Structure formats: C-alpha cells, structure tokens
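Values in this text are rule-based calculations from the coordinates and carry no lab data. Predicted, not measured: the structure shown is a model, and the values here were computed from it. Here the Cβ positions follow ideal geometry from the backbone for every residue, glycine too, while neighbour counts run over all protein chains shown.
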Amino acid sequence: MELLLYQSKVVEKLINRIHEDYHYILMTGKSGSGKTFTLKQLETELSREQYQVILFEGDYEYDDREYYPFKKALFLREDSTKKIIIGGVAEASKEIPVAGNIISYIIKSLVEKTTTHNLFLNNEEQNILAKLRQIIKKQHVVLIFDNIHWWDRRSLQLLKLILTNKEILNLDKLNNFSIVFSVTADQPALHTDLMNDIIHNVNCEEIIFPAIGLIEFKNALFNATLQSFSDTQVNLLYNLVNGHLQVFFEVINEINNHSFDFNATYENNKQYLSTVLEKRLKEFGADSTQILKALEYASIIGITFSVYELRNITESTENEIKKIIADTSKLTITEQTETFDYIRFSHDIIREIFKTKVEKYHTDYYNSLALCIKEIKPDQYLRRARYSIKCLNTENAVTLYMLEAVKQMRLYGKVLHTIYEEMYPLTNSTQREYLKLMQEAYNLYSKKEYKKASSTLNLILDIFPVEVLAERDILKIRCFSKTMASNEIQDIIVRANDIRKNNTFNGEKDIWERYSQVVMIGFAHLGEIKLAREIESDTLRSLSERLNYDDTANKRLNIIKRVSNSIHNIDVSAVFVKDAFVYFGNSLSGIRDIRQYYICLGNYTTILINQGAFEEAYNIAVCGFEIERNNRDIDFPRIQLIRNNYILAGYLSKNLNEDTCIQLYEDMLLEMPIISERLFYNSNLSIFWALKNNPRKAYDILHNEALLHYDMQEKEGLYQYRVVTNTAIYQYLLGKTDAALQQLDSIKDLTKRLINGSYFSKKNDLLIQLMKSGTVSTGKEWIKVLFAIQPTYQDLAWKYFGLGYAFMAVCNWDMSE
C-alpha cells in the first residue's frame, strides 16, 4: 500500500527535520490518520540513507507486560549484523592490548567498582541499555517511539531516565541522532503524568499529523474505484470516514464490490466498520461463528497475538487456526508480523470492535484466557490478576497480585506504586504485612545480609496460600545457599525437596520450577549429585513444554545449562555451558542478555581451564573485562570470579607470572567480606606463594583463612578438598611427611564423590605415592611432579586436573534471572 500525498509530505518534513539535526520531534494526530504506517515508511526511507533506525511500539493491552516496547524492538528484531560469539569473542581482548593495562584495570575496578552512574537500574533495565548500546554504536541514529501513550509505566520510567541522563547511551556524543515521539491525541493515555513529563522535559519540534483533506479524499477515492461520485456522495463518504484511513479502505472495498449502501445511516465510523465486518464474516457460512470467536479472544490478548495462544484459548486445532488467520488476512482484518507465528490486527479500531462484543459476556472469555496464560506463560501474574478481577474472582486475584508484587521485588528490586494502589483495596492487613516482610528480606538479600534476610522471612507465618509461602521459602533457600553447606542446611534442603515432590503449588509452574531450581543447587552444594540430577531432569521436562512460546522458559532452561558443572562432569557440562554461552551471547542483534552472558562467560572460562584450554580461557576472561568497561552502569555479579579465572588462565598460559598473580589476589581479597568464597581465592593465592618456594607462607595463608569460617562438617567437599590437599602439600614441602599423608588419606572417600571425581581420586593417589617415595621437589617444580609419573590420564582435562596443586577455577551457580 502506497502513502497518500499528505502522508508523503509528513515523511518529507520528518526527514528534513532529521537532516537539520533536530534531536526531538513530537508528532501528534487523530486515531486512524495513518501515523504508524507513515512512521514505518519513514523507517524504510531512513534505512536507505544508512541511518540506524529502531521503532518502539506501544500496545494498550500490554500495560501488564513490563518493558514490552523495548523488548519487542530490541530482542525480537531482525538485524543484519549477526555475529558468532564463540568464534569472535577473543577479538574483544584487542581493546586492551597490553597485559599491564589489564592488570591496572583490574586493580582500579576492584577499588572503584565498575559503576559510574548511580542510577539504581534493575537487571532488566541494565540489559535493555546494554542492548541499545550495541545497536546505536553507529552514527546517524533515529529512535522512533510510537504510541507512547500506550506504553507501560516501567518503559516510560526507563525512557525518561535515558532522556535525562544522555551519557548512559552516549547520545550527546553521537554526531547525528534524532528521537521521534508519536502520540494519538484522541486516545486515553495509560500514564498521562509520566508521558507529559517526558515530552515537556525535552525541547520538541512539534509536527501535527493532518487528517486527509476533502480534495485529496476525492482524488484518492476516484483512483481506488475508477468511479465518479456526486458532491453529495463524496461529502457523505468523507464524513463517514472522518479521517480514519482503515474505514476509508473498507469503504473502497465495499464500493468495488458493489455492496456499499448510500442510503444507510451510521452513528459513527466504528459502527459502520462493525457492520461491514459482520457482513463479511457471514459470507463464511458455518465457519463464521468460529472465526468470530477466535477474533474476540484475540482482541483481549492485544493488537498483536500469537497463533499458539489463540489455538490454546479457543481449543482449536492448528489447521483450524491457520485457516482462520488466512481467511481474516484476506479480509484485511489481520496481518502477519515479522515475528514468526505472531499476528496483528490491521488497526486498533478493528480490535476494539471485536473487544466490544466480548464485554457483553466477558466472564467466560477472560476466565478461559486466564487459564490458558497460566499454562503457557505462567509468570504473567499481573495479567492473570486483572483477568480474575474481570471474572469477579477476587480471592484468586489477590493471590496473583501478591505473586506479581514478589516477582517485581525479585526482578526489579521494588514494586510499582501503581500496582500497590491497584491491589491494596483488595488486600487485608495480614497480606500487606507479608508483602512488607518480603520486601525487607529482598532488600537485605541484595545487600548480601543473608542471615538477616532469613530471620526476616521467619516472621512470615504459614497462613497464606501454598504458592505465596513458596516464594518465601525460595528466597530462604537462596539465603542458605550463600553459606557453607552444613548438617542444618542439609535438613532444610531435604524437607524442601519433600515439599517439592508432593506439591504443585496449586499448579503454578513458574513457582514450582524456581523452587526446584534452588533445591537442585542446594543438593549440589551438599554433594548429593544424584538427587540434584533428578530434580534437574524434572525441571527441564516442565520447561520443555513451553519453549516455543515462553521466553521465560527459554531463559530458565539456559540458566540451568550455565550451572551444569555443579552436577555434571566436564564432558557433559562443557557442552551445556557452551550452549548457554552461545544462547545468551548470540541473538540476531548481538548479545541477548548482558548479565546472563557475563555470568556464562565466567563459567565458560572455568570449563576451558578444566579442559586445559588455558590461552582461550585467558582471552575470554579479557572479553569479560571489556563488557564491564562498556557497561559501567551495570553492577555485574561476583566480578571476583572472572578475575580469579583470568589469573589462573593467565598463569597457566604463561601470560602472567607469580608476582603479578599474588598482587592481583591480595588486592582482590582486600575488597572481599568474610564469606566462604574467600577460601577458594586464598587457596589459589597460597599456591603462588608455594610456587615462589615459600611453603611456610603458603600454609599460613590457607590455614588462617580456613580457621575463619571452615566447617569440617561441610557437605559440599569443594572447600574441604582444596584446604586439605594444598595444606598437605605445603606440609610435605616443609618436611612433615606423616602429617601430609594423614591428611590426604582422610579425603580418599571425598575425592570419589566430587564432580569429576575420577580425576580428583587419581590425583590424590598419585600425591600419596609421591610422598611415600620421598620425592624431592621445590615448590616451583611441584606443579609438574604428577606429569612425570602420569603424563596422560583419560583426556586433555588432565592438563589441569593433573597439576601438582589443587587450583580452583570458580563458577557462579546462582540461578537468578
């Protein structure tokens, strides 16, 4: 469909303003005047001029899906700049060309942290900004914000942040950038206060989008129908259309089909369009009822809807839905989108017509939709709560509102005040107290005050629905997982697993899966690998049912993969962690999820170190530093982890020496609180002192750190193995052979039950053999002593596991989303 003359003039005016370097342009006009179609044409024209154009669109029905305009534009869009992350990841290391520069960066970043903007961004916002940075690196950038009166509140808040803090996207440094806002003046805004605040705080060049004029209307009518009409008829049609192009196109279709009745009268253009659509659907005979029902359901999903959703809600077969879509496309009621399996109404006025029909008997429709969403996109609690309100099911709505509030605490740090305003009239004081305690606990958890968070959670009584209590218990288990695994924690995890096996949490899949995930990692920390693998299998089976239509399920599946080395040996985990690394790093427009990719990158360096690929691990760790430098407003989790792996890979690939490694570890440990993870880093630090032929200092460092928090009842074994093995080696180097042998003999059973136990057990046996034979070695030479009697074992991983000392390449097993 070509632009009409008045639309072409608007495109021309917009392009001129952009060429003249107007940074902010506001376009306003009536509904149906052709703004969105014109903006898409603008996108096409500017792309031909090598502009980087991103179109963000709002949807009235999507106010309950946070950040929808950003997610749709950034994470579903096609992009010709696709790159393979694995093959090219090491290229990023060239950004920091000299090892000395990297070391300087590491030391500086540990002291100053990596954040330079105190913006309090949540993870989702950080990911969106990182994605935007990737895309707008090119000059000549145009961002089009369409229908911002329909944007959800969090999207508007982020947009305001971007426009008031231009440095976070470096917009002020671009030679040429423009932002185009589009607002429909005669449609209600969802969040008028925020929208007006955004527009009024930037100096906008305003363009009024006109309605089609009478003369152009008359010319267009003739060109489309090849018929002449009297002035009376033209005026009648012009008034009926009332500037709405969708109605105009339907009038043309009716005239060309010889079915337009000039004698009929209509209250307005919407009533006319409704009559026309009804008449056309009747032409399908018996199928018309099924088509009408499908369109009515689609109308309450949104202007855009998925074939899968529609098929499940209407309980139709795939072929039936495809036929309905084909039939409605012929009638120009619906149209395909660029996203696979997603359809949209040709215009919102058409969706409104079908939605109006639903309102007469909406309870059945909304109830069916709520049940369907529970199955296919279970974590959309706000959407489901609002459907429950429409079905007059207040009790269920309150539970869903509470789950939505906890979800916002978990993902965004706090709950939107508008959500509280919406739900508070429905809740009682006890329910509000639950939400207050959960918010306090999440605040404490984010500050790493895990014991205080757990104590706060203990104040929540067992008087709420099981799915609401499950949210409390999930956070409680996450708190326990941050401490060393003990008998007390073992009891808690075992009880939690009993609950998990015997409870579906009222069919809430999202909660059951997250509950399963934390129990799985709990068992991994306890060294109960068989149980952890069984839970992993159950969880993956649940997620696999939704992979084709639920983004959360895909993300969660790959989070499980990125922690797979917690319960799988190197052969299996190498495949899974790499899968997750590719998934989070390799979308069609660059990195899919910056935080998850960063965590995967760290875990992948561990895999490579374990496989003996030290040089590759070193280069990928450098890539992690470049991600930090390019995203300084993101508070990346556990940055010490990637530094640890960088140091190990750097030394084992001969890029770093002992003195540099010691310096980096000592600086890193200065910034760390007394947490169990310090044991790993002090264990590695002690090895480098041993490599400098100072086993006494090596022993003292590790022994003293172990005294601070080491529990011999620790169930995981990873800490105990490193402490016992390395201090035994230092004892031997100091001449205390009997004490060393006694220590190594005490962990024989432990080495067999560790992940990759065959390597640890073999290593332990060889160390005992060497010590019994009285082998003489310096601390420097000890790193190679096992290779002298066992050059190879099983596969290339022996290059790492066969080293004389028990190094620790660290992984992040946290499953936060």
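Quick one: Trp813, Trp151, fewest Cβ neighbours within 10 Å first, how do they rank? Intermediate values should be presented prior to the final figure.
On the way: Trp813 18, Trp151 31.
Going from least to most buried by this count: Trp813, Trp151.
So, R0 is 56 Å and r is the distance between the beta-carbons of Thr430 and Ser653; what FRET efficiency does that work out to, to 0.05? Before the final figure, lay out the partial values.
Working: r = 59 Å, r/R0 = 1.05.
Calculated transfer efficiency: 0.45.
Could you check the spin-label model distance between Lys137 and Thr418? Points 7 Å from the Cα along Cα→Cβ, value in nm.
Result: 3.5 nm between the two label points.
Given 0.36 nm per residue, what is the gain on full extension from Lys501 to Thr337 after removing their alpha carbon distance, in nm?
Working: separation 164, 0.36 × 164 = 59.04 nm, distance 4.15 nm.
Between Lys501 and Thr337, full extension yields an extra 54.9 nm.
Got the relative contact order for the chain handy, in percent, Cα pairs under 8 Å and 6 or more residues apart?
Details: 1093 pairs, mean separation 109.2, N = 817.
With pairs under 8 Å counted, the relative contact order is 13 percent.
I'd like to verify something in the chain: which complete DSSP H helices, judged by Cα projection on the helix axis, reach 27 Å or more and average at least -0.5 on the Kyte-Doolittle scale?
Details: long enough: none.
Both cut-offs are met by no helix.
Only loop residues by DSSP count here, and only those with at most 15 other Cβ atoms within 10 Å; note down the GluC sites (Glu not before Pro) in segment 622-724 that meet that.
Working: sites: Glu626, Glu628, Glu658, Glu666, Glu671, Glu677, Glu705, Glu714, Glu716; in loops: Glu671, Glu677, Glu714, Glu716.
Within segment 622-724, the qualifying GluC sites (Glu not before Pro) (loop, at most 15 other Cβ atoms within 10 Å) are Glu671.
With each pseudo-label sitting 7 Å past Cα toward Cβ, what's the Leu3-Asn196 distance in nm, one decimal?
Here the modelled spin labels are 3.2 nm apart.
Fully extended, how many nm does the chain gain between Lys322 and Lys784 (0.36 nm per residue separation, minus their Cα-Cα distance)? Display every interim value, and only then the final one.
Working: separation 462, 0.36 × 462 = 166.32 nm, distance 6.54 nm.
Roughly 159.8 nm would be gained on extension.
Under a crude label model (7 Å from the Cα following the beta-carbon direction), how far is Ser228 from Ile675 in nanometres?
8.3
For segment 433-520, rounded, prolate or oblate, judged on the Cα gyration tensor with a ≥ b ≥ c (square roots of eigenvalues), a/c < 1.5 rounded, else prolate if a/b > b/c? Each step should come with its number before you reach the end.
Numbers: a/c = 1.79, a/b = 1.13, b/c = 1.58.
In terms of gyration-tensor shape, oblate.
Using DSSP to define loop residues, name the chymotrypsin sites (Phe, Trp or Tyr not before Pro) in segment 656-750 whose beta-carbon has at most 14 other beta-carbon atoms within 10 Å.
Numbers: sites: Tyr665, Phe680, Tyr681, Phe688, Trp689, Tyr699, Tyr710, Tyr719, Tyr721, Tyr730, Tyr732; in loops: Tyr710.
Answer in residue order: no site qualifies.
Hey, how many Å between the Cα centroid of segment 531-589 and the Cα centroid of segment 270-325?
36
If you count the DSSP beta bridges with both ends in the chain, what percent of them are antiparallel, to the nearest 5?
Details: 7 of 28 bridges.
Percent antiparallel among DSSP bridges in the chain is about 25.
Compute the separation of the alpha-carbon centres of segment 645-660 and segment 749-817 and state it in Å as a whole number.
Segment 645-660 and segment 749-817 have Cα centres spaced 18 Å from each other.
When the chain is fully extended, how far beyond the present Cα-Cα distance does Val494 get from Glu206, taking 0.36 nm per residue of separation? Before the final figure, lay out each step's value.
Values: separation 288, 0.36 × 288 = 103.68 nm, distance 6.35 nm.
Answer, rounded to one decimal: 97.3 nm.
Given the rule -39500 (n - 2.57) for each run of at least 4 DSSP H residues, summed and divided by the residues of the chain, what is its mean residue ellipticity at 222 nm, to the nearest 500 deg cm²/dmol?
Calculated mean residue ellipticity at 222 nm is -19500 deg cm²/dmol.
Using Cβ contacts closer than 10 Å as the measure, can you line up Val358, Val563 from fewest to most? Each step should come with its number before you reach the end.
Details: Val358 19, Val563 26.
Ascending number of Cβ neighbours within 10 Å: Val358, Val563.
Sort Arg48, Arg678, Arg643 by Cβ crowding within 10 Å, fewest neighbours at the top.
Details: Arg48 7, Arg678 18, Arg643 24.
With the sparsest Cβ surroundings first, the list reads Arg48, Arg678, Arg643.
Apply 1/(1 + (r/R0)^6) to the Cβ-Cβ distance of Asp462 and Asp571, taking R0 = 60 Å, and write down the FRET efficiency to the nearest 0.05.
Working: r = 44 Å, r/R0 = 0.73.
After rounding to 0.05, the efficiency reads 0.85.
Whole angstrom only: what separates the Cα centroid of segment 168-187 from the Cα centroid of segment 447-469?
43
Just to be sure I understand, if you calculate Cα Rg over 2.2 N^0.38 Å for this structure, which of (i) 1.50; (ii) 1.05; (iii) 1.11 do you get?
Among (i) 1.50; (ii) 1.05; (iii) 1.11, the one derived from this structure is (iii).
If you filter segment 178-264 for chymotrypsin sites (Phe, Trp or Tyr not before Pro), then keep DSSP loop positions with at most 13 other Cβ within 10 Å, what is left?
Working: sites: Phe181, Phe217, Phe222, Phe229, Tyr238, Phe248, Phe249, Phe260, Phe262; in loops: Phe229, Phe260, Phe262.
When the chymotrypsin sites (Phe, Trp or Tyr not before Pro) of segment 178-264 are filtered for loop state and at most 13 Cβ neighbours within 10 Å, Phe262 remain.
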